[in-house]
Amino acid sequence: MKNLIALLALVLCAFTFAPPKIKVVEVSVNPSEMGIGDKALFSVKLKAPDDAVQSVTVITSEAPDYRFYLNDNGENGDAKAGDGTWSFEVTVPGEAQPGPYVLEVKVLDKEGNQVVADGHENQIYGKAGKVTVRIK
């Protein structure tokens, strides 16, 4: 009986302290092809409990110093605060070189754990998804 009680306590603790489940529903950039000075909107739609997400960052694989910090507060390109879609509007800088760029998505839960989406486990910078854009 003691073993059963100990096992139940362990299971209850695991459920109590398990990080919330965060699912990446969609990763997009609009437009996906742009030129110098054009604006682009990065969006990551998440399915997550309220306040479960600490941050969403888009990292350029070819130039990892170029990072875009998305928000869900209704500012900087985000259409509606608290709707689960994290967004950021950016203007393509003058120094951007033409060509394709792979943008990896890094999502951290409120404890700082990185969200890993199926099929993206081997990405270097962000494991929640990716999208490719082209600079003209």
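Quick note: the coordinates plus some simple rules give every number you see, no bench work behind them. On a predicted model such as this, the values are computed, not experimentally measured, just so you know. Virtual Cβ from ideal backbone geometry, glycine too; neighbours counted across all protein chains shown.
Of everything in the range 32-53, what is polar (S, T, N, Q) and under 17 Å from residue 75 (Cβ atoms)? Give them in sequence order. Before the answer, list the steps.
As a first pass, look at the range 32-53 and keep what is polar (S, T, N, Q): 32, 43.
Within the range 32-53, 43 is the sole residue that qualifies.
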> Here are some conditions: (1) at negative phi; (2) crowded, with 17+ Cβ neighbours inside 10 Å. Residue 129 meets all but one. Which one does it not meet?
Replying inline: (1)
>> Every residue in the range 19-44 that is assigned to a strand (DSSP E or B) and of a type in the set (Lys, Arg), please.
In response: 23, 39
